[in-house]
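S.K.: Below: one structure in structure tokens.
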Amino acid sequence: MGCAVCEDTGWKAIEQDGVRRMMRCDCWREEIVRRRLADARIPKRYQHCDLSNFVTYPNEMLVRAVAGVKKFIDAFPVVDKGLLLIGPPGIGKSHLAVSALKQAIVGSGARGLFYDVRELLKLIRSTYNPVVKTAEMEVLRPVLEADLLALDDLGAEKTSEWVEETLNLVVNTRYNERRPTIFTSNYEEKEQTGEGDSLLERVGYRIHSRLFEMCDFYDFDGCDYRSPNRPTNATGEDLLKLWQLQRMKKGHHVTLPPRARGSARAQLRDGDGKADLKWPGGRAGSQG
Ligand SMILES: [Zn+2]
């Protein structure tokens, strides 16, 4: 590599009050961050994700969620709770989860780990030994011990006794060890209708009640960022229009803020943490 400061020793000398001391060189820290980012298992399609390239628009629940993620990032590692991001597919939940994960790694050198829940279960299952009823700790240990874990798409795998027990082990261990976890889910918090599409029905009672103890909860609706109608380099205004269109297609009555402000960033500043939760746009999203 060739660090001009430390000549690749990882240590540099500094003079403080006439005393010469050795301390870690910046390149040493950068190397740790680089390695931890590489080890975080962030899928290629999300590797570019950052709060700085998450385009918002006048959508109060979305702006509230972004503010919540930002608050989490700013406070990390001193956080009591993780995050639970809920809403229909394509609205940016994984982008936000990865943003927080990356920032925790870059800002604090944290050991961060990203897993799609189904992939994690598949991996554990593949190493599961039915005779001794244990999964390889090689897979589980990093999941249990990561400083910050992002579990994407919770509830995607229909719950079974094994799924529930396995996820329960992960969730409970992290809860007991006070290690924060970020969850995303397409399944809303709603009354059980027997159709099995509420968060509670998808994850089971034990995990469900634990989630709310261990996470700040943000549910939001928004435009589908994966829509083929989304212009490249879409502005907040483009996304707002797209969202209106998508809501009309779904047959929702479109209610817009009295005066849609042009800059969502400005809204983030003055609306920080004081989002009006009664705004009809917030909870109306259906699973479509
Ligand atoms: Zn150096």
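S.K.: Roughly how many nanometres apart are two label points built 7 Å out from the Cα toward the Cβ at Thr235 and Thr193?
M.R.: Reported label-point gap for Thr235 and Thr193 is 3.8 nm.
S.K.: So, with +1 on the Cβ of K and R and -1 on the Cβ of D and E, and no other charges, what is the size of the charge dipole of the chain about its Cα centre, to the nearest 20 debye? Please list the in-between numbers first.
M.R.: Numbers: 44 positive and 41 negative charges, 106 e Å.
Result for the chain is approximately 500 debye, rounded to the nearest 20.
S.K.: If you don't mind, another one. Go through 181-193, 7-19 and give me the packing order, highest mean Cβ count within 10 Å leading.
M.R.: Details: 181-193: 18.6, 7-19: 10.2.
Put in order of decreasing packing, that is 181-193, 7-19.
S.K.: How much accessible surface does Arg64 have with a 1.4 Å probe, in Å² rounded to 10?
M.R.: Only protein atoms counted, so the area is about 60 Å².
S.K.: Okay, next question. Among Val131, Val66, Val171, which one shows the biggest mean-square fluctuation in a GNM of the chain, springs joining Cα atoms closer than 10 Å?
M.R.: Val131
S.K.: State the extension gain, in nm to one decimal, for the chain segment bounded by Val131 and Ser209, taking 0.36 nm per residue of separation less the distance between their alpha-carbons.
M.R.: 25.0 nm
S.K.: Moving to a separate point now. So, in nm, how far is label Met248 from label Met22 when the simple model puts each one 7 Å beyond its Cα toward the Cβ?
M.R.: A separation of 6.9 nm, rounded to one decimal place.
S.K.: Can you tell me the FRET efficiency between Ala4 and Asn176 if r is taken as the Cβ-Cβ distance and R0 is 35 Å, rounded to the nearest 0.05?
M.R.: Values: r = 46 Å, r/R0 = 1.32.
For Ala4 and Asn176, the calculated efficiency is 0.15.
S.K.: If the limit is 28 Å between Cα atoms, which of Lys102/Lys249; Lys71/Lys158; Lys70/Lys158; Lys190/Lys249; Lys93/Lys241; Lys12/Lys44 go over it? Before the final figure, lay out each step's value.
M.R.: Values: Lys102/Lys249 35 Å; Lys71/Lys158 32 Å; Lys70/Lys158 31 Å; Lys190/Lys249 22 Å; Lys93/Lys241 20 Å; Lys12/Lys44 35 Å.
Beyond 28 Å between Cα atoms: Lys102/Lys249; Lys71/Lys158; Lys70/Lys158; Lys12/Lys44.
S.K.: If packing is taken as the average count of other Cβ atoms within 10 Å, what order do 146-159, 78-91 fall into, highest mean first?
M.R.: On the way: 146-159: 21.6, 78-91: 19.6.
Ranking, from highest mean packing down: 146-159, 78-91.
S.K.: With all protein chains present, how much of the accessible area of the chain (probe radius 1.4 Å) comes from carbon and sulfur, to the nearest whole percent? Each step should come with its number before you reach the end.
M.R.: Values: 7890 of 15900 Å².
Of all accessible area on the chain, carbon and sulfur atoms account for 50 percent.
S.K.: I would also like to ask the following. Need the full-extension length gain, Arg45 to Arg29, defined as separation in residues times 0.36 nm minus the C-alpha distance. One decimal, nm.
M.R.: On the way: separation 16, 0.36 × 16 = 5.76 nm, distance 2.60 nm.
Contour length minus Cα-Cα distance gives 3.2 nm.
S.K.: State in Å² the accessible area per residue of the chain; use a 1.4 Å probe, count heavy atoms of protein chains only, and round to the nearest integer. Don't skip to the answer; put the middle values down first.
M.R.: Working: 15900 Å² over 288 residues.
About 55 Å² of surface per residue is accessible.
S.K.: Report the antiparallel proportion of the DSSP beta bridges in the chain as a percent, rounded to a multiple of 5.
M.R.: Taking every DSSP beta bridge with both residues in the chain, the antiparallel ones total about 30 percent.
The values are calculated or read from the model by the stated rules, or taken from the named source; none is laboratory data. Keep in mind that what you see is a predicted model, and the values were worked out from it rather than measured. Backbone-built Cβ (ideal geometry, glycine too); neighbour counts: all protein chains shown. Areas reflect the complete protein model, heavy atoms only, side chains present, ligands, DNA and RNA absent. Shrake-Rupley method; radii C 1.70, N 1.55, O 1.52, S 1.80 Å.
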